[in-house]
Amino acid sequence: MEQMLTEDHEEVTFQSDSIPLRLIDYFTQYGTANDQMRAYYLLGRSYDCRNNPILALRFYHEAIEKADTTATDIDYVTLSRAYAHMAKLFIGNFDKRPTLAIEDARKALHYANMSENKHMINISRSMLGKAFYINGEWDNLKFNNPELYHNLIQKWNTKTPNYKSFVPSSAANSHLKLVNVSYDIPFDSIPEEYRQSGLGYMGGRVVLHAVEKPTDRDSIMGLSNIFSYVDMRLQSQAKINRLNTWLIIALAILLLLLITGYMFYRFRRQKAKEAIKALNTQYSFDLAKYQALQSEMKSMLLSSKDKDDLIREKQQQLNDMQQQLKNLQEDHAIPSTWHLSEKLLADELLSNLHKKASIGKKADPNDLKDLITLAHKEDPQLMSALSSLDASLDMDNLYICILTRFRFLPSELAILLDKTPQAITNRKSRLLKRLFNTEGGTRLFDRHIHLLGQQV
């Protein structure tokens, strides 16, 4: 609104009433008296700029009605401009109404003085002078605007040097209430070019017919169905505002749904990762427990031959752990048939990799480099067989083959190699076709890898 008021002071022409209507709709609910006055004033200016004097006059009047003249912070400048524009309309439209213009121009000058705004004081004084001139009030004109008065007198003396009074032709309208205004000039002495139909001769004096009736302001305000028009525009604007509000709400709901969907996806993904970590942790724990039991079993066998019951109990526990580990392996082979030496099964590197998988931490490059070295050292049959099957096997696929050979679960491969379980499954299926020319799934691939090189 401040920008529009600035443009108004700079005499910018407004092309639309949409912004003032939105301002009225908003400030009617939330604004102060000053805000409402300015909004209605700007709406009047928009119609004034578009040559619609009836609506312009109506909303200047509405702006004045909204003003709280008892408030200490009243915007006297806008109030003065509203009155000045009304005076201008009464001078230039509605067949000229100088009396109404004088009334509004006086108020414009009053509030301009209250605001101490020199620009509005000059405009209001000029408007009041024009109204006095049209109404033939020369004394008032001389007092209010001496410069305009002397210019008119000079113009009259140039044309009719023998007469001291000038009656503007626009001041006469015979169909309205008569007001006797006498001049010391005989009617038949006035040249014919200055004799108007509104002038007559009474008692040797000129008689001027005034131009207004007391009810003229109300008559002008009721020239058209303004309220219906404004209600229609305001309702149309309110409908647009409601549509914009619903659009914003819909966008907000859509954004909320997108955020909720993303959070749900993150939650599901985190839950899946936690499940993989739990499985890997269980496997790593069971494998370590199996190794501990096996070590304990050996110690018991070496230390005493008399503890057969305890040995049998430990053997049963060992069998149970073998069964548990078998259940976690997709090929359901028990550890005693894994073709892995006890030394390799308990290797520090492999134990550390199991621990990393159990806490959801991927293997670092040094771990993977050491894994290749360990495979060449402890399982040369595997490396030789893989080389003969496909000498161009890339490192990721080679890691999958070695870790599978060393009895790592697919979920552990996913964590250590920073891939999804589905990606590991897809890789194994493709490697089965590539290395063994066989169609199948993960279980069949694992079986081929576990047996690879054993017959060599």
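The values are calculated or read from the model by the stated rules, or taken from the named source; none is laboratory data. For clarity, every value in this text was computed on a predicted model and none was experimentally measured. With ideal geometry, Cβ positions are generated from the backbone for all residues, glycine too; neighbour counts draw on all protein chains shown. Quick note on the areas: whole protein, heavy atoms, side chains included, nothing else; ligands and nucleic acids left out. Shrake-Rupley method; radii C 1.70, N 1.55, O 1.52, S 1.80 Å.
Applying the set (1) among the acidic types (D, E); (2) loosely packed, with under 13 Cβ neighbours inside 10 Å; (3) at pLDDT 80 or above; (4) farther than 30 Å from K362 by Cβ to E274 leaves exactly one unmet item: (4). Considering (1) in a helix (DSSP H, G or I); (2) without any contact (Cβ under 8 Å) to a residue 40 or more places away in the chain, the lone condition that L382 does not fulfil carries the number (2).
Within the stretch 335-362, the set of residues being hydrophobic (A, V, I, L, M, F, W, C) and either assigned to a helix (DSSP H, G or I) or within 15 Å of T404 (Cα to Cα) (or both) comprises W338, L340, L344, L345, L349, L350, L353, A357. If the condition is being open to solvent by 20 Å² or more (accessible area, probe 1.4 Å), closer than 23 Å to R50 by Cβ and among the small types (G, A, S), then the stretch 69-93 contributes only G92. For L382, the requirement of being modelled with pLDDT of 90 or more, open to solvent by 30 Å² or more (accessible area, probe 1.4 Å) and either over 22 Å from L325 (Cα atoms) or acidic (D, E) (or both) is not met. Return yes or no: is V207 surrounded by 10 or more Cβ atoms within 10 Å (Cβ to Cβ), hydrophobic (A, V, I, L, M, F, W, C) and either modelled with pLDDT of 80 or more or touching a Gly at 6+ places or on another chain (Cβ under 6 Å) (or both)? Yes; evaluated as a whole, the condition is true for this residue. Among the criteria (1) open to solvent by 20 Å² or more (accessible area, probe 1.4 Å); (2) over 20 Å from I276 (Cα atoms); (3) touching a helix residue (DSSP H, G or I) at 6+ places or on another chain (Cβ under 6 Å), the one G360 does not fulfil is (2). The residue list T404, T373 contains one member that is more than 26 Å from Q324 (Cα to Cα), without any contact (Cβ under 8 Å) to a residue 60 or more places away in the chain and not basic (K, R), which is T373. For the stretch 390-444, the candidate set comprises residues that are in a loop (DSSP other than H, G, I, E, B) and among the small types (G, A, S); within that set, the residue that is surrounded by the most Cβ atoms within 10 Å (Cβ to Cβ) is G440. Of all the residues in the stretch 122-139, those that are open to solvent by 30 Å² or more (accessible area, probe 1.4 Å), without any contact (Cβ under 8 Å) to a residue 24 or more places away in the chain and not acidic (D, E) number 3. Filtering the stretch 34-56 to residues that are in contact with a helix residue (DSSP H, G or I) (Cβ under 6 Å, 6 or more places away or on another chain) and touching a residue at least 40 places away in the same chain (Cβ under 8 Å) leaves M37, R38, Y41, L42, G44, R45, D48, P53, L55. Select from the stretch 445-456 the residues that are open to solvent by 50 Å² or more (accessible area, probe 1.4 Å) and within 17 Å of L409 (Cα to Cα) and list them in ascending order. Listed by number, the residues that qualify are R447, H448, L451. Quick check on the stretch 6-17. Is at least one of its residues open to solvent by less than 30 Å² (accessible area, probe 1.4 Å), more than 30 Å from the chain's Cα centre (by Cα) and of a type in the set (D, E)? Looking for residues that are open to solvent by less than 30 Å² (accessible area, probe 1.4 Å), more than 30 Å from the chain's Cα centre (by Cα) and of a type in the set (D, E), one finds none in the stretch 6-17, hence no.
Quick one: which of K66, K96 is in contact with a helix residue (DSSP H, G or I) (Cβ under 7 Å, 6 or more places away or on another chain), open to solvent by 20 Å² or more (accessible area, probe 1.4 Å) and either without any contact (Cβ under 8 Å) to a residue 40 or more places away in the chain or closer than 20 Å to M1 by Cα (or both)? Walk me through it before giving the result.
Numbers: K96 fails: either without any contact (Cβ under 8 Å) to a residue 40 or more places away in the chain or closer than 20 Å to M1 by Cα (or both).
Of K66, K96, the one residue that is in contact with a helix residue (DSSP H, G or I) (Cβ under 7 Å, 6 or more places away or on another chain), open to solvent by 20 Å² or more (accessible area, probe 1.4 Å) and either without any contact (Cβ under 8 Å) to a residue 40 or more places away in the chain or closer than 20 Å to M1 by Cα (or both) is K66.
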